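Each remark here refers to the structure printed beneath this line.
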Amino acid sequence: MVTVEERHISITASTRGFYLNQSTTYTFNPKPANPSFLSHSLVELLSQISPAFKKNFTVLQKTRVQRHPFERIATPFQVYSWTAPQVDHTMDCVRAEDAYTSRLGYEEHIPGQTRDWNEELQTTRELARKNLPERLLRERAIFKVHSDFAAAATRGSMAVIDGNVMAINPGEETRMQMFIWNNIFFSLGFDVRDHYRELGGDAAAHAAPTNDLNGVRAYGAVDVEGLYTLGTVVVDYRGYRVTAQSIIPGILEREQEQSVIYGSIDFGKTVVSHGKYLELLERTSRPLKVQRHNVLNEKDESVELCSSVECKGIIGNDGRHYILDLLRTFPPDLNFLPVEGEELSPESVRQGFPRQHRHRLACLRQELIEAFVEHRYLLFMKMAALQLMQQKANKDSKMATLTENNSPEAAVPALLSTENPDASAKSSETSTETLTDGKSDAVQIETTSTTDAPQPAATEATTTEAAPKAEQTTETDIPSAAATTMTASQATPTEDNVVPTVTTNGPLVPVATVIQNGECESPLEGKAEDSIPGLAQAKELAESLAAEDGSGIDPKSREVVLNACKAVGSISNTSFDIRFNPDIFSPGVRFPEDSVDDIQKQKQLLKDAAAFLVSCQIPSLVKDCLDHSALPMDGATLTEALHQRGINVRYLGNVLEFVDKTPAKAQLEHFYRIGISELITRCAKHIFKTYLQGVELSALSAAVSHFLNCFLSSFPDAVAHLPPDELVSRRKNRKRRNRVPGGGDNTAWASLTPSELWKNIVSEAQSYYNFTLHSENADQVVEKYGLQKITLLREISIKAGIQILIKEYNFDSRHKPAFTEEDILNIFPVVKHVNPKASDAFHFFQSGQAKVQQGYLKEGCELINEALNLFNNVYGAMHVEICACLRLLARLNYIMGDHHEALSNQQKAVLMSERVLGVEHPNTIQEYMHLALYCFANGQLSTALKLLYRARYLMLMVCGEDHPEMALLDSNIGLVLHGVMEYDLSLRFLENALAINSKYHGPRSLKVALSHHLVARVYESKAEFRSALQHEKEGYTIYKNQVGEAHEKTKESSEYLKYLTQQAVALQRTMNEIYKNGSNASIMPLKALHSTQYGQCSGTAQYYQRHHLYTTQPKGLGKPEGGGSAAAAASGVRKKHGGAHCGRSTRAGGQNTHGPTDYATPSIHHVTSSELDNFDRFVICHQGSRPVT
C-alpha cells in the first residue's frame, strides 16, 4: 500500500486486528514491524500511519453525513440518465479483482454460489398471507427478489449482447442462439425456426416478449395460490431485444413435447388439457375476463381450455404448476387484424380499420377490457332499470297500449333512443349509414309515439354501448344514441309518457343493417346512473339473483335480467358476467360445431370492444386534455395517458388525426405537438434499432453520433467518422461475421444520409401509424409542427438508451455537425419488468384519499401516514409510491397550517423523485413547484424563486414554452417577484401567463380573468393606473359574463375598478399640482388598498366553501413563519416591504374539479401513478385572494 505521503507499507490482517509487518517491495517478512500499530479497524491503523489520510477521511465523513440520507440510499431499480458530465478517467487498481469480489453471475469462478432465482421467486410467493404482518413479510420478500432478479437479468442481457457469454447452442446461427448465465435463461427477439412465420416473423417475435410480460404481470396481480409464473424481464440493448426468464426445474433435461401437459406448442395444431390447470386457471378467469372454452385438437377431439392455446402448462421437478407463453392473455385487437369475411363496426370502418399491422399479435390492453366491461355493466343496470320502470308503468297505467310482441325488452330500444339534443347534430353523422331516409323518419318519430317502422328479422339482441338518462335528456355528458345499438326483434317504441323525445339517432334498423356495438360518440362520464328511475331496484334485483338461485324472484323480474344479460353479451343469464375468448381469430385454432353461436357472440363482443376504443376512449382522452384533467408534458406522460384509457400506442396516428379534426384544435396544440414528437421519435427508434444491429462494439460512439447528426443536425453533409483501422476487427471468419445477426458489412451504417433517414421516418410513420408527415428534414419538422430539437434529442435518447455528454449543442449550424464521437458516452439498457405492489399499503393510501375528499383531513392524514409506514416496510426507503405518499402528506400538512412539516415532507418527495424518476421527469418538475410553494409559505422567498426558475428551465427543455402548465409556473414566478418588488420582471412573467391562458382556456375563461387581475395588480404597484384599469376591466367583463353581476367575484372586481379609478384621479391631481406649483407642491400619499384586499381574501374562502372545497385561511406574509433560510437580500426586501402584497391561499377537494364554473382548478397530472388525480393543484396565491390555475 502507498500512502499520500509516498510511504510504501505492508499490512497483515489477523484475528487480533490489523498491523504493519516488515515486508518491503522486494522482500517478504510477515513479522510485526516496530511499532506495529495494532488496530481493531483498518481505518484506525491508516489514520495512525498517514496524517493526510486521517485529515481527508474526516472531511469525507463530514461531507457524507451532511448529505440527506435519500441522496445515499440505493434505488430498487437502476435509473439511467440520458445525460452525464465529462469525468476524467482514473486508474482503478481494484478493477481486475471485480470478477472475484462480486459473486453475482460468475458461476465459473465460484461454483455453487449462484442464486437459484426460480426457487427464490416461487418460495416468496408461497409465504403465508393470512394477516397483515405475514402479508407485509411476503410482499417485502417478493419485491426484494424481483428487484435483485431484474438487476441480474439486465446485467446478463448486456453481457449476452456484448458477446461475453457462451451460447448453449454455439453451433447454430447467432439469431437462434440461447444463453444461460447466473441461472437465468436468455433468448433473442428473433423468429427462431419460423415459429412466428404465420404471425409476422421477426416483428411478431419482437412484440411477443412484451405481450408475454403483460400476461405475467396480469397473472401475478391476480396471485392465485398454486399457480406459478416465471420471473420475466425484457431488455432492449444496442438494437437487440433480450428476454430473460427464470428456469423451470427439470425443463432442460426434457423435450418440450413431454413437458407440456396443458396448452399447445404448435399454435393449436396439437392441444392438451389438464384438470388441475383448468381448476387453477378458472380462479383467474373472472378477474382477467377470460372465457372457458373448447377447441379441437389434431384428432378433432374437443379439448377444454381456460386460456389461449399458446399458454403452456408445465409441472416442474419441484412439483409446481407453471404457466408460460402468456402472449395472448388478452383478446386480439380486430382494428389491426384483418379477417376475411368479417365486417367491423361502421365506426371502425369509417376510421380506416381494419388495418394491416406488422404482426398478428396486436392485443387489446387490460385497461381497455376493464373500461369496456365497466361500460357494459352501467348499460346493463340502465337497461334493467328502464324495463322495470316500464313494467311498473304498464301495471299502473290502464291507458298503456302494448305492441304485438308483448315483451318488456321491446321498450328498451325506444327508451334508449332518447337523445341529448345538443349531441344529436354530432351523432347524426354516425347514424347515416344505418338509417333509411333519416329526415323523414325523424319527422315521423317525433310526431307519433308509436311508429310502424320496418321491423328487422328476429335476431339475437346485441348490446348498446351507452344509454342516456330517461328523464334528464338535456345532460351533455351522456353518450349519444348513435351508440345505442339494438337489433332486437320488434323494436317498437311504446308509451308516450316514458319516451319524451326520439331523434334520428335512435336504433331504427333496416332489415339488412345492424348498427354496430361499441360506437360511442361522446365520452362516457359514467356517473349518470343515480338519476335513472328504478336503478336501485335493478341493482337489488341483480344482486339477489346473483346471490341465490333466484327461485324467490318473480318470473317477470327474472326476465328483465335475462333480457339485459342477453343484450350486453353476458355469458350468464342470471347475472352480469362478460368474458372474452382469447383464441377467437387465432390462426390454426378450430372450435367444435356445437359452440358456433357462442363463437359468434364472442366475435361480436370483440368487434364491440374494438369500436369502443375508437369511438369512446380516444374522444374521452381528447376531452380530458381539453378540460385539462389530463396534461401530458412529454412522451412518457402521453403514453401513460393513452395506456390509462386502454389505448395502445399504435393508435397514436388516429389520436393525432382526431385532434386535428377537433374544432377546438388550437386549445390542443400542446397535446398535438407532444404527439407528433412522440410519433417521430418512435419511428426513429424503430430505424435506429435495425441500424445499431450492424455496428461493431468499437464503432458504437461513431455510429450513434452519425445517426443523431442525420436525425437532428442542420448540417447537410453528415459524414461518419470510421474508427481507426487498429480497432476494426479483421477476423473475417464465420464466427465473427455471425456476431452480427444482420451479417454483411460492418461499416454499412456509415452510408446513412440525413435525407435517407428522414425519408425512412416519413415512410415508417405512414406504414406503422398511418400518419402522413410532410417533412424532408429536421428543420422542416421543427418549423411545421413547432417542435424543439432538444426535446426530440431527449425523447430519442431515453427511448433508445443513449447517454450523451451534457453540454450546449448547436443543432442549427450548417458548417459542422452537432455531435461528435466524444459526445456519446454510453449505451444503456431499456428495461421492462413486473412491479410487485404493496397491496395493504395501497388500500390504506386509497382510504386516506377518500377521507380527505370527504373533508376528514386529520383522519386522512393518519391513514396516509400508516400507508407510508407500510410502503417503507415493503419497498424500503426509495420508491415511486412512497414519493406520492410524501407529496400528499405535504399537501395535507400545508392545508392544516403546518407549513414547516409540509416543507420537510415535500423536500423528501423531491429528493426521492429525482432519484427514482430522474431530474427532468415531469413529476419531478411538479415536485419542485410544490416545494417552491411550501418554501414561500415558510418565508423562504429566494429559495422559492430558485426552485420555480429551475422547474421552468426543465419544463422548457421537456415541452417548450407553449404549454398550459407554463402559465401556472409563470404566474407563480410573477407573484414571488411581485412580492419582492421586482415589478418589471414580474410583469413579463404574468403577461406571458395571460397569453398562454388565453390560448388554452379561451379568452372568456375565468382563469384569464384571474390573469388580468394579477397583471392589473402589478401595474397598480408601478402606478401605471391606465394599464391597470384596462386589464381589470377585461377581468370584470369576463366575470360579469360568466358568473353574473350578483356574484362576489364580479363585485370584488367592480370594487377594485373603483379603487383604481380613485387612485388614477388622485395621481393625476398630484401631477397637476406639481406642474402648477413646482417644488413647492404638497403631495398627498397614495392610499393602500386594505379593505378591498382583505375583502377579496374572505370572499374567495367563502366561494370555495360554498362549493364544498377546502381552503386554508388566507393571510398576509407580514412576518415570515419559521426561521427560513432565505437569502439576506430577500430578507432585507421582506423587511422593507412587509409582505403587504404577498399572501397565499389554496384548496384541496373532491373529484369534481370542473365544478359549477371553470374557475375551479384542474387536477394535477401524475405520470407514474394516478392515485392523486383527485387532488387539486396547490399554487402560490397573490394576496390570498385567488388560486392561480
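Checking the stretch 1073-1083 against the condition returns a match, with at least one residue being over 25 Å from ASN997 (Cβ atoms) and in contact (Cβ under 8 Å) with a residue 12 or more places away in the chain. Is it true that GLU1020 is farther than 26 Å from ARG891 by Cα and assigned to a helix (DSSP H, G or I)? Criteria met by GLU1020.
Beta carbons closer than 8 Å, at least 6 apart along the sequence or on distinct chains, pair a first residue in the stretch 582-610 that is more than 15 Å from GLY341 (Cβ to Cβ) with a second that is in a helix (DSSP H, G or I) and open to solvent by 10 Å² or more (accessible area, probe 1.4 Å) for GLY588/GLU198; PHE591/ILE599.
Listed by first and then second residue, the pairs with beta-carbon distance under 6 Å, at least 6 apart or on different chains, first residue in the stretch 1-24 and under 12 Å from GLN48 (Cβ atoms) and not assigned by the TED database to the domain that holds PRO35, second surrounded by 16 or more Cβ atoms within 10 Å (Cβ to Cβ) and polar (S, T, N, Q), are THR3/SER50. For PRO582, state whether it is in contact with a Gly (Cβ under 9 Å, 6 or more places away or on another chain) and part of a loop (DSSP other than H, G, I, E, B). No.
Checked against (1) open to solvent by 40 Å² or more (accessible area, probe 1.4 Å); (2) within 18 Å of LEU708 (Cβ to Cβ), GLN766 meets all criteria but (2). Each residue in the stretch 371-391 was checked for being of a type outside the set (A, V, I, L, M, F, W, C), surrounded by fewer than 23 Cβ atoms within 10 Å (Cβ to Cβ) and over 18 Å from LEU606 (Cα atoms), and 1 pass. Here is a check on your reading of the model: is HIS195 free of Cβ contacts under 8 Å to residues at least 24 places away in the same chain and either of a type in the set (A, V, I, L, M) or surrounded by fewer than 22 Cβ atoms within 10 Å (Cβ to Cβ) (or both)? Criteria met by HIS195. The criterion of at least 1 residues that are more than 30 Å from LEU886 (Cα to Cα) and among the small types (Gly, Ala, Ser) is met by the following helices (runs of 4 or more DSSP H) wholly inside the stretch 1-73: 42-49, 51-66.
Among the candidates GLY163, GLY201, GLY171, the residue that is within 24 Å of GLY801 (Cα to Cα), small (Gly, Ala, Ser) and surrounded by fewer than 19 Cβ atoms within 10 Å (Cβ to Cβ) is uniquely GLY163. Residues in the stretch 961-993 that are within 21 Å of MET633 (Cβ to Cβ) and either open to solvent by 10 Å² or more (accessible area, probe 1.4 Å) or touching a His at 6+ places or on another chain (Cβ under 6 Å) (or both): GLU961, ASP962, HIS963, PRO964, PHE989, ASN992. Checked against the criteria, PRO287 counts as surrounded by fewer than 24 Cβ atoms within 10 Å (Cβ to Cβ) and under 28 Å from the mean Cα position of the chain (by Cα). Out of curiosity, is ASP212 modelled with pLDDT under 95 and acidic (Asp, Glu)? For ASP212, the condition - modelled with pLDDT under 95 and acidic (Asp, Glu) - is not met.
Scanning the stretch 567-597 for residues that are closer than 27 Å to LEU386 by Cα and over 35 Å from the mean Cα position of the chain (by Cα) yields ASN573, THR574. For the stretch 900-918, the tally of residues that are open to solvent by 40 Å² or more (accessible area, probe 1.4 Å) and in contact with a Leu (Cβ under 7 Å, 6 or more places away or on another chain) stands at 2. If I filter the stretch 138-167 down to residues being assigned to a helix (DSSP H, G or I) and over 29 Å from the mean Cα position of the chain (by Cα), which single residue comes out as farthest from TYR240 (Cα to Cα)? Result: ALA159. Just checking, does the stretch 229-242 include any residue being open to solvent by less than 40 Å² (accessible area, probe 1.4 Å), in contact with an Asp or Glu (Cβ under 7 Å, 6 or more places away or on another chain) and in the same structural domain as SER147 (by the TED database)? Checked against the condition, which is being open to solvent by less than 40 Å² (accessible area, probe 1.4 Å), in contact with an Asp or Glu (Cβ under 7 Å, 6 or more places away or on another chain) and in the same structural domain as SER147 (by the TED database), the stretch 229-242 yields at least one hit. The sole residue among ALA641, ALA609 that is at pLDDT 95 or above, within 30 Å of GLN387 (Cα to Cα) and not β-branched (Val, Ile, Thr) is ALA609. Working only within the stretch 168-189, note down all residues that are part of a loop (DSSP other than H, G, I, E, B) and within 20 Å of ILE247 (Cα to Cα). The answer is ILE168, ASN169, PRO170, GLN177, ASN182, ASN183, GLY189.
The values are calculated or read from the model by the stated rules, or taken from the named source; none is laboratory data. Keep in mind the model is a prediction, meaning the values are calculated, not measured. Because the Cβ atoms are built from the backbone with ideal geometry, glycine has one as well, and the counts that use them run over all protein chains shown. For the accessible areas, the whole protein counts, side chains as well, though only heavy atoms, and no ligand, DNA or RNA atoms are used. Shrake-Rupley method; radii C 1.70, N 1.55, O 1.52, S 1.80 Å.
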